[in-house]
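Taking it in order: structure first as C-alpha coordinates, then the write-up.
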Amino acid sequence: MADTTTPNATRTDNPKPVLRPADPRFSCGPVKKYPGWSWDAIADAPLSRTHRAGAPVARIKESIERTHALLELPADYKVALLPGSDTGAMEAAMWSLLGQRGTDVFSWDVFGNRWTYDARDELKLKDLRVFKTEPGILPDVAQYDPARDAIFTLNGTAAGVWVPDLDWIADDREGLTLCDATSAAFAVGIDWSKIDVLTFSWQKCMGGEAQHGMLVMSPRAIERLNTWRPDWPIPGLLQLHANGKANMGVYEGATLNTPSLMAVEDYLAALKWASRIGGLPELIRRREENFAALDAWVQGADWIDYLCETPAHRSPVSVCLKYTDPAVIAAGAEAQWELTKKISSLLERENAALDISMHRASVPGIRIWCGPTVERDDLAALGPWLDWAYREALDAG
Ligand SMILES: Cc1ncc(COP(=O)(O)O)c(C=O)c1O
(Lines give C-alpha, C1' and ligand atoms only; values in the text may rest on other atoms or scores of the structure.)
Protein backbone atom coordinates (compact mmCIF):
# COMPACT_ATOMS: atom_id res chain seq x y z
CA MET A 1 0.00 0.00 0.00
CA ALA A 2 1.15 3.52 -0.71
CA ASP A 3 1.54 5.61 2.44
CA THR A 4 0.20 9.07 3.09
CA THR A 5 3.00 10.56 5.12
CA THR A 6 4.41 12.92 2.50
CA PRO A 7 4.98 16.33 4.04
CA ASN A 8 3.24 19.05 2.06
CA ALA A 9 5.51 21.02 -0.20
CA THR A 10 6.06 24.67 0.55
CA ARG A 11 5.51 25.52 -3.14
CA THR A 12 1.87 25.89 -4.01
CA ASP A 13 2.23 25.88 -7.80
CA ASN A 14 3.75 22.38 -7.79
CA PRO A 15 2.63 20.61 -4.63
CA LYS A 16 4.08 17.24 -3.82
CA PRO A 17 1.64 14.37 -4.28
CA VAL A 18 -0.02 13.19 -1.10
CA LEU A 19 0.47 9.46 -1.73
CA ARG A 20 3.99 8.09 -1.95
CA PRO A 21 4.90 4.58 -3.23
CA ALA A 22 5.40 2.39 -0.17
CA ASP A 23 8.37 0.82 -1.95
CA PRO A 24 10.34 3.07 -4.33
CA ARG A 25 12.22 0.26 -6.09
CA PHE A 26 11.25 0.34 -9.77
CA SER A 27 14.64 -0.64 -11.20
CA CYS A 28 14.69 -2.83 -14.33
CA GLY A 29 17.37 -5.04 -12.83
CA PRO A 30 18.18 -6.18 -10.31
CA VAL A 31 14.53 -5.68 -9.50
CA LYS A 32 12.56 -5.48 -6.28
CA LYS A 33 12.29 -8.66 -4.26
CA TYR A 34 8.90 -10.34 -3.89
CA PRO A 35 6.43 -8.88 -1.36
CA GLY A 36 7.22 -10.08 2.14
CA TRP A 37 10.84 -11.00 1.40
CA SER A 38 13.18 -10.80 4.39
CA TRP A 39 16.62 -12.11 5.26
CA ASP A 40 14.86 -15.02 7.00
CA ALA A 41 14.16 -16.35 3.50
CA ILE A 42 17.77 -17.46 3.18
CA ALA A 43 18.39 -18.36 6.83
CA ASP A 44 18.47 -22.09 6.06
CA ALA A 45 20.90 -21.87 3.13
CA PRO A 46 23.48 -24.68 3.35
CA LEU A 47 26.38 -22.25 3.58
CA SER A 48 30.04 -23.22 4.03
CA ARG A 49 29.45 -26.61 2.43
CA THR A 50 30.67 -27.99 -0.85
CA HIS A 51 28.13 -27.54 -3.59
CA ARG A 52 28.72 -31.22 -4.48
CA ALA A 53 27.37 -32.41 -1.11
CA GLY A 54 23.92 -33.94 -0.74
CA ALA A 55 22.01 -31.00 0.74
CA PRO A 56 23.39 -28.32 -1.61
CA VAL A 57 22.85 -30.51 -4.69
CA ALA A 58 19.30 -31.17 -3.49
CA ARG A 59 18.72 -27.40 -3.27
CA ILE A 60 20.11 -26.85 -6.78
CA LYS A 61 17.96 -29.70 -8.12
CA GLU A 62 14.92 -28.28 -6.39
CA SER A 63 15.52 -24.89 -8.00
CA ILE A 64 15.76 -26.61 -11.39
CA GLU A 65 12.59 -28.63 -10.79
CA ARG A 66 10.62 -25.69 -9.46
CA THR A 67 11.74 -23.58 -12.43
CA HIS A 68 10.56 -26.34 -14.76
CA ALA A 69 7.17 -26.51 -13.04
CA LEU A 70 6.63 -22.76 -12.70
CA LEU A 71 7.48 -22.07 -16.35
CA GLU A 72 5.06 -24.87 -17.31
CA LEU A 73 7.72 -26.49 -19.47
CA PRO A 74 7.04 -29.60 -21.55
CA ALA A 75 8.25 -32.71 -19.69
CA ASP A 76 11.10 -33.37 -22.15
CA TYR A 77 12.63 -29.88 -21.84
CA LYS A 78 15.72 -29.57 -19.63
CA VAL A 79 16.81 -26.78 -17.27
CA ALA A 80 20.35 -26.00 -16.08
CA LEU A 81 21.92 -23.46 -13.76
CA LEU A 82 24.93 -21.79 -15.38
CA PRO A 83 27.48 -19.18 -14.29
CA GLY A 84 27.50 -15.59 -15.49
CA SER A 85 23.81 -14.69 -15.25
CA ASP A 86 21.77 -14.45 -18.45
CA THR A 87 24.84 -13.38 -20.42
CA GLY A 88 26.65 -16.54 -19.33
CA ALA A 89 23.72 -18.76 -20.23
CA MET A 90 23.18 -17.13 -23.64
CA GLU A 91 26.88 -17.17 -24.53
CA ALA A 92 27.15 -20.83 -23.43
CA ALA A 93 24.30 -21.62 -25.82
CA MET A 94 25.82 -19.59 -28.65
CA TRP A 95 29.33 -20.96 -28.25
CA SER A 96 28.15 -24.57 -27.88
CA LEU A 97 25.38 -24.73 -30.49
CA LEU A 98 25.96 -22.34 -33.39
CA GLY A 99 27.89 -22.76 -36.62
CA GLN A 100 26.15 -25.89 -37.89
CA ARG A 101 23.96 -23.77 -40.24
CA GLY A 102 23.30 -20.11 -41.03
CA THR A 103 22.33 -17.84 -38.14
CA ASP A 104 19.98 -14.83 -37.95
CA VAL A 105 20.03 -12.31 -35.11
CA PHE A 106 17.03 -10.05 -34.48
CA SER A 107 18.38 -7.14 -32.52
CA TRP A 108 16.56 -4.11 -31.10
CA ASP A 109 18.14 -3.34 -27.81
CA VAL A 110 21.48 -3.32 -26.08
CA PHE A 111 21.47 -7.08 -25.50
CA GLY A 112 20.42 -7.99 -29.01
CA ASN A 113 23.41 -5.88 -30.03
CA ARG A 114 25.55 -7.91 -27.61
CA TRP A 115 24.48 -11.22 -29.24
CA THR A 116 25.11 -9.66 -32.67
CA TYR A 117 28.62 -8.67 -31.59
CA ASP A 118 29.27 -12.18 -30.26
CA ALA A 119 28.04 -13.82 -33.47
CA ARG A 120 29.78 -11.43 -35.85
CA ASP A 121 32.99 -10.35 -34.11
CA GLU A 122 33.83 -13.16 -31.69
CA LEU A 123 32.43 -16.33 -33.26
CA LYS A 124 32.94 -14.76 -36.72
CA LEU A 125 30.00 -16.71 -38.12
CA LYS A 126 30.37 -16.86 -41.88
CA ASP A 127 26.70 -17.18 -42.73
CA LEU A 128 25.11 -14.49 -40.57
CA ARG A 129 22.14 -12.17 -41.15
CA VAL A 130 21.42 -9.35 -38.72
CA PHE A 131 18.03 -7.63 -38.51
CA LYS A 132 18.69 -4.58 -36.39
CA THR A 133 16.43 -1.65 -35.56
CA GLU A 134 16.63 1.49 -33.45
CA PRO A 135 15.29 1.49 -29.86
CA GLY A 136 11.49 1.45 -29.88
CA ILE A 137 11.10 -0.53 -33.10
CA LEU A 138 10.71 -4.30 -33.47
CA PRO A 139 12.64 -5.77 -36.42
CA ASP A 140 10.67 -7.47 -39.17
CA VAL A 141 10.36 -10.96 -37.75
CA ALA A 142 8.72 -12.08 -41.01
CA GLN A 143 12.33 -12.35 -42.25
CA TYR A 144 12.70 -15.43 -40.04
CA ASP A 145 13.91 -18.45 -41.98
CA PRO A 146 13.09 -21.85 -40.44
CA ALA A 147 16.12 -23.41 -42.12
CA ARG A 148 18.44 -21.20 -40.06
CA ASP A 149 19.19 -20.73 -36.37
CA ALA A 150 17.58 -17.58 -34.98
CA ILE A 151 18.53 -15.50 -31.95
CA PHE A 152 16.09 -12.98 -30.52
CA THR A 153 15.17 -11.22 -27.30
CA LEU A 154 11.67 -11.78 -25.95
CA ASN A 155 11.53 -8.48 -24.10
CA GLY A 156 14.05 -5.74 -24.94
CA THR A 157 14.52 -4.30 -21.46
CA ALA A 158 16.27 -1.15 -22.63
CA ALA A 159 14.04 -0.54 -25.65
CA GLY A 160 10.56 -1.04 -24.24
CA VAL A 161 9.74 -3.45 -27.06
CA TRP A 162 8.67 -7.07 -26.78
CA VAL A 163 7.72 -9.79 -29.20
CA PRO A 164 3.98 -10.07 -28.64
CA ASP A 165 3.73 -13.62 -30.01
CA LEU A 166 5.86 -16.38 -31.46
CA ASP A 167 3.48 -17.35 -34.26
CA TRP A 168 6.12 -16.36 -36.85
CA ILE A 169 8.29 -19.30 -35.78
CA ALA A 170 7.62 -22.44 -37.82
CA ASP A 171 6.72 -25.63 -35.95
CA ASP A 172 8.61 -27.76 -38.48
CA ARG A 173 11.80 -25.62 -38.40
CA GLU A 174 15.20 -27.15 -39.08
CA GLY A 175 17.16 -24.47 -37.27
CA LEU A 176 17.09 -23.78 -33.56
CA THR A 177 15.49 -20.74 -31.90
CA LEU A 178 17.61 -19.14 -29.17
CA CYS A 179 15.59 -16.76 -27.04
CA ASP A 180 16.95 -14.30 -24.48
CA ALA A 181 14.02 -14.08 -22.07
CA THR A 182 15.86 -12.34 -19.24
CA SER A 183 13.10 -9.85 -18.54
CA ALA A 184 10.20 -11.96 -19.86
CA ALA A 185 10.46 -15.33 -18.12
CA PHE A 186 7.81 -15.53 -15.35
CA ALA A 187 6.06 -12.38 -16.62
CA VAL A 188 4.59 -13.58 -19.93
CA GLY A 189 3.16 -16.79 -21.34
CA ILE A 190 5.62 -18.61 -23.61
CA ASP A 191 4.63 -20.99 -26.39
CA TRP A 192 7.32 -23.59 -25.78
CA SER A 193 6.67 -25.34 -29.09
CA LYS A 194 8.46 -22.35 -30.69
CA ILE A 195 11.48 -22.34 -28.37
CA ASP A 196 14.58 -24.53 -28.49
CA VAL A 197 16.86 -22.57 -26.16
CA LEU A 198 15.80 -19.97 -23.63
CA THR A 199 17.89 -18.09 -21.10
CA PHE A 200 17.20 -15.76 -18.19
CA SER A 201 18.68 -14.58 -14.93
CA TRP A 202 17.24 -14.59 -11.41
CA GLN A 203 17.67 -10.87 -10.93
CA LYS A 204 14.73 -9.90 -13.18
CA CYS A 205 11.14 -11.11 -12.83
CA MET A 206 11.80 -13.24 -9.73
CA GLY A 207 13.69 -10.48 -7.91
CA GLY A 208 16.59 -12.88 -7.27
CA GLU A 209 20.30 -12.28 -7.14
CA ALA A 210 22.57 -11.70 -10.13
CA GLN A 211 25.35 -13.92 -11.50
CA HIS A 212 23.39 -17.12 -12.02
CA GLY A 213 21.88 -17.84 -15.39
CA MET A 214 19.21 -20.34 -16.34
CA LEU A 215 19.27 -22.33 -19.55
CA VAL A 216 16.20 -24.10 -20.92
CA MET A 217 16.86 -26.67 -23.67
CA SER A 218 14.40 -28.45 -25.95
CA PRO A 219 15.06 -32.04 -27.05
CA ARG A 220 16.20 -30.65 -30.44
CA ALA A 221 18.75 -28.40 -28.76
CA ILE A 222 20.13 -31.35 -26.76
CA GLU A 223 20.23 -33.34 -29.99
CA ARG A 224 22.30 -30.56 -31.62
CA LEU A 225 24.86 -30.94 -28.80
CA ASN A 226 24.97 -34.69 -29.37
CA THR A 227 25.61 -34.33 -33.08
CA TRP A 228 27.52 -31.05 -33.44
CA ARG A 229 30.60 -29.60 -31.76
CA PRO A 230 31.81 -26.28 -33.24
CA ASP A 231 35.53 -26.16 -33.99
CA TRP A 232 36.10 -22.83 -32.21
CA PRO A 233 37.52 -22.84 -28.66
CA ILE A 234 34.84 -23.04 -25.95
CA PRO A 235 35.87 -21.88 -22.45
CA GLY A 236 34.89 -24.25 -19.65
CA LEU A 237 32.30 -21.81 -18.32
CA LEU A 238 30.44 -21.91 -21.66
CA GLN A 239 30.89 -25.62 -22.28
CA LEU A 240 27.66 -27.58 -22.70
CA HIS A 241 29.48 -30.65 -24.05
CA ALA A 242 31.26 -33.43 -22.19
CA ASN A 243 33.27 -35.98 -24.17
CA GLY A 244 31.82 -34.75 -27.44
CA LYS A 245 28.19 -35.24 -26.35
CA ALA A 246 25.67 -33.15 -24.41
CA ASN A 247 26.77 -32.81 -20.79
CA MET A 248 23.59 -34.11 -19.14
CA GLY A 249 24.97 -33.60 -15.64
CA VAL A 250 24.21 -29.88 -15.72
CA TYR A 251 20.49 -30.63 -15.94
CA GLU A 252 20.77 -32.71 -12.76
CA GLY A 253 22.39 -30.03 -10.62
CA ALA A 254 26.07 -30.77 -11.39
CA THR A 255 27.02 -27.14 -12.05
CA LEU A 256 29.98 -26.18 -14.24
CA ASN A 257 31.60 -24.31 -11.36
CA THR A 258 30.76 -23.25 -7.81
CA PRO A 259 27.41 -21.48 -7.45
CA SER A 260 26.47 -19.22 -4.54
CA LEU A 261 24.33 -21.34 -2.23
CA MET A 262 23.06 -18.13 -0.67
CA ALA A 263 21.77 -16.96 -4.05
CA VAL A 264 20.31 -20.42 -4.79
CA GLU A 265 18.39 -20.28 -1.51
CA ASP A 266 17.11 -16.83 -2.35
CA TYR A 267 15.95 -17.98 -5.79
CA LEU A 268 14.22 -20.98 -4.19
CA ALA A 269 12.40 -18.66 -1.80
CA ALA A 270 11.17 -16.59 -4.77
CA LEU A 271 10.03 -19.72 -6.61
CA LYS A 272 8.13 -20.86 -3.52
CA TRP A 273 6.50 -17.45 -3.19
CA ALA A 274 5.41 -17.67 -6.82
CA SER A 275 3.88 -21.14 -6.30
CA ARG A 276 2.14 -20.00 -3.12
CA ILE A 277 0.39 -17.12 -4.81
CA GLY A 278 -0.87 -19.18 -7.76
CA GLY A 279 2.05 -19.90 -10.11
CA LEU A 280 2.59 -18.49 -13.57
CA PRO A 281 -1.01 -17.29 -14.18
CA GLU A 282 -0.83 -15.17 -11.03
CA LEU A 283 2.62 -13.79 -11.90
CA ILE A 284 1.28 -12.77 -15.30
CA ARG A 285 -1.86 -11.30 -13.75
CA ARG A 286 0.23 -9.20 -11.36
CA ARG A 287 2.37 -7.93 -14.22
CA GLU A 288 -0.75 -7.07 -16.26
CA GLU A 289 -2.29 -5.24 -13.31
CA ASN A 290 0.98 -3.37 -12.71
CA PHE A 291 1.23 -2.30 -16.31
CA ALA A 292 -2.43 -1.18 -16.34
CA ALA A 293 -1.79 1.04 -13.30
CA LEU A 294 1.17 2.73 -14.97
CA ASP A 295 -0.51 2.88 -18.36
CA ALA A 296 -3.46 4.78 -16.88
CA TRP A 297 -1.02 7.53 -15.90
CA VAL A 298 0.97 7.46 -19.17
CA GLN A 299 -2.22 7.88 -21.19
CA GLY A 300 -3.00 11.10 -19.33
CA ALA A 301 0.52 12.54 -19.21
CA ASP A 302 1.18 15.41 -21.60
CA TRP A 303 5.02 15.40 -21.43
CA ILE A 304 5.98 11.78 -21.90
CA ASP A 305 4.89 8.79 -23.98
CA TYR A 306 5.91 5.27 -24.90
CA LEU A 307 9.20 4.99 -26.75
CA CYS A 308 7.60 2.23 -28.82
CA GLU A 309 4.94 3.76 -31.03
CA THR A 310 3.27 0.48 -32.03
CA PRO A 311 0.95 -0.48 -29.16
CA ALA A 312 1.19 -4.24 -29.83
CA HIS A 313 4.99 -4.15 -29.59
CA ARG A 314 5.14 -2.11 -26.37
CA SER A 315 6.69 -3.96 -23.49
CA PRO A 316 4.31 -4.22 -20.54
CA VAL A 317 7.20 -5.38 -18.32
CA SER A 318 10.02 -2.85 -18.76
CA VAL A 319 8.17 0.30 -19.70
CA CYS A 320 10.34 2.78 -21.61
CA LEU A 321 9.09 6.35 -21.96
CA LYS A 322 10.42 9.24 -24.04
CA TYR A 323 9.85 13.00 -23.77
CA THR A 324 7.23 14.53 -26.03
CA ASP A 325 7.25 18.25 -25.19
CA PRO A 326 8.49 19.99 -28.40
CA ALA A 327 10.64 22.40 -26.35
CA VAL A 328 12.34 19.51 -24.55
CA ILE A 329 12.88 17.65 -27.83
CA ALA A 330 14.30 20.78 -29.47
CA ALA A 331 16.83 21.08 -26.65
CA GLY A 332 18.56 17.92 -27.90
CA ALA A 333 19.61 14.57 -26.47
CA GLU A 334 22.19 15.79 -23.94
CA ALA A 335 19.70 18.25 -22.41
CA GLN A 336 17.17 15.42 -22.21
CA TRP A 337 19.66 13.16 -20.42
CA GLU A 338 20.24 16.02 -17.98
CA LEU A 339 16.49 16.25 -17.44
CA THR A 340 16.34 12.52 -16.75
CA LYS A 341 19.17 12.90 -14.25
CA LYS A 342 17.35 15.71 -12.45
CA ILE A 343 14.04 13.83 -12.34
CA SER A 344 15.78 10.71 -11.01
CA SER A 345 17.67 12.56 -8.30
CA LEU A 346 14.58 14.48 -7.18
CA LEU A 347 12.63 11.24 -6.86
CA GLU A 348 15.51 9.47 -5.14
CA ARG A 349 15.83 12.35 -2.66
CA GLU A 350 12.11 12.05 -1.93
CA ASN A 351 12.38 8.26 -1.70
CA ALA A 352 9.51 8.10 -4.20
CA ALA A 353 11.35 6.19 -6.95
CA LEU A 354 14.82 4.68 -7.37
CA ASP A 355 16.72 3.84 -10.56
CA ILE A 356 14.20 5.01 -13.14
CA SER A 357 16.63 6.55 -15.65
CA MET A 358 16.55 5.08 -19.12
CA HIS A 359 19.45 2.75 -20.01
CA ARG A 360 22.27 4.90 -21.37
CA ALA A 361 22.41 2.79 -24.56
CA SER A 362 18.81 3.73 -25.37
CA VAL A 363 17.27 7.17 -25.87
CA PRO A 364 16.84 9.70 -23.04
CA GLY A 365 13.76 9.16 -20.91
CA ILE A 366 12.38 7.13 -18.05
CA ARG A 367 12.22 3.36 -17.56
CA ILE A 368 9.96 1.64 -15.07
CA TRP A 369 9.70 -2.02 -14.10
CA CYS A 370 6.20 -3.54 -14.00
CA GLY A 371 7.18 -7.16 -13.31
CA PRO A 372 5.35 -9.42 -10.86
CA THR A 373 7.32 -8.56 -7.70
CA VAL A 374 6.32 -4.87 -7.85
CA GLU A 375 3.00 -3.72 -6.34
CA ARG A 376 0.21 -2.14 -8.37
CA ASP A 377 -0.53 0.51 -5.74
CA ASP A 378 3.08 1.66 -5.84
CA LEU A 379 2.91 2.09 -9.61
CA ALA A 380 -0.38 3.94 -9.29
CA ALA A 381 1.22 6.29 -6.76
CA LEU A 382 4.32 6.81 -8.91
CA GLY A 383 2.71 8.73 -11.80
CA PRO A 384 1.91 11.93 -9.89
CA TRP A 385 5.45 11.91 -8.51
CA LEU A 386 6.85 11.76 -12.02
CA ASP A 387 4.67 14.75 -12.97
CA TRP A 388 5.89 16.60 -9.89
CA ALA A 389 9.56 15.83 -10.54
CA TYR A 390 9.28 16.82 -14.20
CA ARG A 391 7.86 20.23 -13.33
CA GLU A 392 10.48 20.74 -10.60
CA ALA A 393 13.30 19.73 -12.95
CA LEU A 394 12.09 22.09 -15.69
CA ASP A 395 11.79 24.97 -13.22
CA ALA A 396 15.32 24.30 -11.94
CA GLY A 397 16.45 24.95 -15.55
C1 LIG B 1 17.17 -8.44 -22.39
C2 LIG B 1 18.39 -8.67 -21.54
N3 LIG B 1 19.26 -9.61 -21.91
C4 LIG B 1 20.36 -9.86 -21.19
C5 LIG B 1 20.65 -9.13 -20.06
C6 LIG B 1 21.90 -9.42 -19.31
O7 LIG B 1 21.56 -9.96 -18.09
P8 LIG B 1 22.66 -10.34 -17.02
O9 LIG B 1 23.27 -9.08 -16.56
O10 LIG B 1 21.84 -11.03 -15.98
O11 LIG B 1 23.64 -11.21 -17.69
C12 LIG B 1 19.79 -8.12 -19.65
C13 LIG B 1 20.09 -7.31 -18.47
O14 LIG B 1 19.49 -6.29 -18.19
C15 LIG B 1 18.62 -7.90 -20.41
O16 LIG B 1 17.77 -6.94 -20.06
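The values are calculated or read from the model by the stated rules, or taken from the named source; none is laboratory data. None of the values given here were measured: they were computed from a predicted structure. Don't worry about glycine lacking a Cβ; one is built from the backbone with ideal geometry, like all the others, and counts go over all protein chains shown. Surface areas here come from the heavy atoms of the whole protein model, side chains and all, with no ligands, DNA or RNA. Shrake-Rupley method; radii C 1.70, N 1.55, O 1.52, S 1.80 Å.
Rounded to the nearest 5, what % of the DSSP beta bridges within region 39-275 are antiparallel ones?
Numbers: 15 of 30 bridges.
The answer is about 50 percent antiparallel.
Obtain the nm distance between the two label points defined at Gln299 and Arg349 by a simple spin-label model: each point lies 7 Å from its Cα along the Cα-to-C-beta direction.
Distance between label points: 3.4 nm.
If we count trypsin sites (Lys or Arg not before Pro) as exposed when they sit in a DSSP loop and have at most 16 other beta carbons within 10 Å, what is the longest stretch of the chain that avoids them all? The partial results should precede the final answer.
Values: sites that count: Arg11, Arg49, Arg52, Arg101, Lys124, Lys126, Arg360.
That would be 127-359.
Ordered by residue, what ³J(HN,Hα) values in Hz, to whole numbers, does region 262-273 give under the Karplus form 6.51 cos²θ - 1.76 cosθ + 1.60, where θ = phi - 60° and Gly and Pro are x?
Whole-Hz 3J(HN,Hα) from phi for region 262-273: 5, 5, 4, 4, 5, 5, 4, 4, 5, 5, 5, 4.
Give the residue list of GluC sites (Glu not before Pro) in region 266-330 that are DSSP loop and have at most 10 other beta-carbon atoms within 10 angstrom. All intermediate terms of the calculation are to be shown ahead of the outcome.
Working: sites: Glu282, Glu288, Glu289, Glu309; in loops: Glu309.
Passing both the DSSP loop test and the Cβ count: no residue.
Mind listing the phi-derived Karplus ³J(HN,Hα) values for region 162-178, rounded to whole Hz, using 6.51, -1.76 and 1.60 with θ = phi - 60°, and x for any glycine or proline?
10, 8, x, 8, 10, 4, 6, 8, 6, 5, 9, 5, 9, x, 9, 9, 10
Return the inverse of the average 1/r over all pairs of distinct C-alpha atoms in the chain, which is the Kirkwood hydrodynamic radius, in Å to one decimal.
Numbers: mean 1/r = 0.0456 Å⁻¹.
Result for the chain stands at 21.9 Å.
Where q = 0.10, 0.16, 0.17 Å⁻¹, what log10 of I(q)/I(0) comes from the Debye formula for region 39-275, counting one point per Cα?
The Cα Debye sum returns log10 ratios of -0.43, -1.12, -1.26.
Relative contact order (percent) for region 195-304, with alpha-carbon contacts under 8 angstrom and 6 or more residues of separation?
Working: 72 pairs, mean separation 22.9, N = 110.
Value for region 195-304: 21 percent.
Quick query: amide H of Val363 versus all other amide H atoms, modeled in the peptide plane; which residues come in under 5 Å with a sequence gap of 5 or more or a different chain?
none
Given the pairs Lys61/Lys124; Lys194/Lys322; Lys61/Lys245, which are separated by over 25 angstrom at their Cα positions? Please list the in-between numbers first.
Details: Lys61/Lys124 36 Å; Lys194/Lys322 32 Å; Lys61/Lys245 22 Å.
Those over the limit are Lys61/Lys124; Lys194/Lys322.
Nearest 0.05, what FRET efficiency do Asp76 and Ile234 give at R0 = 22 Å with Cβ-Cβ as r?
On the way: r = 25 Å, r/R0 = 1.14.
About 0.30, to the nearest 0.05.
I need to check one value: relative contact order of the chain, counting alpha carbon pairs closer than 8 Å and at least 6 residues apart, in percent. Before the final figure, lay out each step's value.
On the way: 810 pairs, mean separation 99.4, N = 397.
Rounded, it is 25 percent for the chain.
Using the scaling law 2.2 N^0.38 Å as the reference, what is the normalised Cα Rg of region 278-396?
Details: Rg = 14.2 Å, N = 119, 2.2 N^0.38 = 13.5 Å.
Ratio of Cα Rg to 2.2 N^0.38 Å: 1.05.
Using θ = phi - 60° and the Karplus form 6.51 cos²θ - 1.76 cosθ + 1.60, what ³J(HN,Hα) does each residue of region 303-320 get, whole Hz, x for Gly and Pro?
3J(HN,Hα) across region 303-320, in whole Hz: 10, 8, 8, 4, 5, 7, 7, 8, x, 5, 9, 6, 5, x, 10, 10, 7, 10.
Would you please give the residues with an amide H less than 5 Å from that of Thr177, counting only those at least 5 places away or on a separate chain, with H modeled from the backbone geometry?
Residues meeting the amide H criterion: Ala150, Asp196, Val197.
Helix-only mean residue ellipticity at 222 nm, the chain, DSSP H runs n ≥ 4 weighted -39,500 (n - 2.57), per residue, nearest 500. What is it? Display every interim value, and only then the final one.
Working: 9 runs with 129 residues, N = 397.
After summing the helix terms and dividing by residue count, I get -10500 deg cm²/dmol.
Just need the relative contact order of region 276-386 here, percent rounded to a whole number, with Cα pairs under 8 Å and 6+ apart.
Values: 135 pairs, mean separation 38.7, N = 111.
Reported relative contact order: 35 percent.
If we count every other residue with Cβ under 12 angstrom of Pro372's Cβ, Lys/Arg +1 and Asp/Glu -1, where does the sum land?
Numbers: positive: Lys32, Lys33, Lys204, Arg285, Arg286, Arg287, Arg376; negative: Glu282, Glu288, Glu289, Glu375.
Residues near Pro372 contribute +3 overall.
So how tilted is helix 85-97 from the main axis of the chain? Cα-based, degrees 0 to 90, rounded to 10.
Computed tilt is about 30 degrees.
To check you understand DSSP bridge types, tell me what percent of the beta bridges within the chain (both residues inside) are antiparallel, rounded to 5.
Numbers: 26 of 42 bridges.
About 60 percent, rounded to the nearest 5.
I'd like the distance separating the alpha-carbon centroids of region 36-91 and region 127-146, in whole Å.
The distance from the Cα centre of region 36-91 to that of region 127-146 comes to 33 Å.
Mind checking the per residue accessible area of the chain for me, 1.4 Å probe, whole number of Å²?
On the way: 15980 Å² over 397 residues.
I get 40 Å² per residue for the chain.
Amide H to amide H under 5 Å from Val130: which residues, 5+ apart in sequence or cross-chain, H placed 1.01 Å off N in plane?
Those lying under 5 Å, H to H, from Val130 are Val105.
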